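**Student:** Dumping the structure here so I can ask a few things about it.
Only the coordinates and a few stated rules stand behind these numbers; no lab work does. The shown structure was predicted, so the numbers you read here are calculated from the model rather than taken from an experiment. Neighbour counts are summed over all protein chains in view; Cβ atoms, including those assigned to glycine, are modelled from backbone coordinates with ideal geometry.
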Amino acid sequence: MKYKRLAKEQFEALHEEFSKFLATQQIDVKEWDEIKKHKPDVAEDELNLFSELVWENVLSKTNYLEHFSKKNINLFKCENKEISRIVVQITKTNFDFFNDTDYQWFINNTNDSAIQFFKGVKKYDQERSLELFDLIQKGSVISDGKLYENIYKLIT
């Protein structure tokens, strides 16, 4: 498999889409129940194929990713041929981006010497969707890009 199979909860949330997917394969509910019961390998293949299609669709529409840790934010702008990255690093002791007060301090004090910004751009080493999927597997989440764009304006 190219990507990780969707979790049970994700399949449940996408049950309508999965039904439509099965319909495109000319598989109705009764036949699906039979496949699950008597041909588990075929059922596994269908679940994997649907997962791949969902991930491809999501990743093709992904333009920004964010990854927060206690003292760092990694922001990614995911273009077609390259990915841009902004790293926000806090050197202040006992700082935690997950703490609302500390996060608000960061927002209000972007010129403070305890805040360092780094930026870079690189071409994808492999297929775009695989690199984005890898970042998601490592804890990044898809975002609207507002934080990336605001910080980009701030540091350029």
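**Student:** Please list, or write none, the lysines whose alpha carbon is within less than 24 Å of the alpha carbon of Lys36, excluding same-chain residues fewer than 8 places away.
**Tutor:** Lys2, Lys4, Lys8, Lys20
**Student:** Let me ask something additional. Could you grab the relative contact order for the chain? Cα pairs under 8 Å, six or more apart, rounded to a whole percent.
**Tutor:** On the way: 170 pairs, mean separation 35.8, N = 156.
Result for the chain is 23 percent.
**Student:** Quick check on the chain: helices-only [θ] at 222 nm, where DSSP H runs of length 4 and up contribute -39,500 (n - 2.57) each and the sum goes over total residues. Nearest 500, please. Walk me through the numbers on the way to the answer.
**Tutor:** Values: 7 runs with 77 residues, N = 156.
So the helix-based figure for the chain works out to -15000 deg cm²/dmol.
**Student:** Moving on. At q = 0.10, 0.12, 0.13, 0.20 Å⁻¹, what is the base-10 log of I(q)/I(0) for region 11-155 according to the Debye formula with one equal point scatterer per Cα and no solvent? Please give it to two decimals.
**Tutor:** -0.51, -0.65, -0.71, -1.15
**Student:** Can you put Phe98, Phe76, Phe50, Phe11 in order of Cβ neighbours within 10 angstrom, beginning with the fewest? Intermediate values should be presented prior to the final figure.
**Tutor:** On the way: Phe98 9, Phe76 22, Phe50 19, Phe11 16.
Ranked by crowding around the Cβ, least crowded first: Phe98, Phe11, Phe50, Phe76.
**Student:** Could you bin all the Cα-Cα distances of region 52-135 into 10 Å bins starting at 0 and give me the percent of pairs in each, rounded to whole numbers?
**Tutor:** For region 52-135, the binned pair fractions read 16, 41, 25, 16, 1 percent.
**Student:** Sort Ser51, Ser84 so that the residue with the fewest other Cβ atoms within 10 Å of its own Cβ comes first and the one with the most comes last. Working shown, then result.
**Tutor:** On the way: Ser51 21, Ser84 16.
In increasing order of surrounding Cβ atoms, one gets Ser84, Ser51.
**Student:** Hey, another quick one. Can you give the direction-averaged projected area of the convex hull of the alpha-carbon atoms in region 8-61, in nm²? Don't skip to the answer; put the middle values down first.
**Tutor:** Values: hull surface 15.1 nm².
Over every viewing direction, the Cα hull of region 8-61 projects on average to 3.8 nm².
**Student:** Another question about this same structure. With the chain treated as a Gaussian network of Cα nodes joined by springs under 10 Å, which of Ile115, Ile107, Ile86 yields the largest mean-square fluctuation?
**Tutor:** Ile107
**Student:** When Asp33, Asp96 are ordered from fewest to most other Cβ atoms inside 10 Å of their Cβ, what list results?
**Tutor:** Asp33, Asp96
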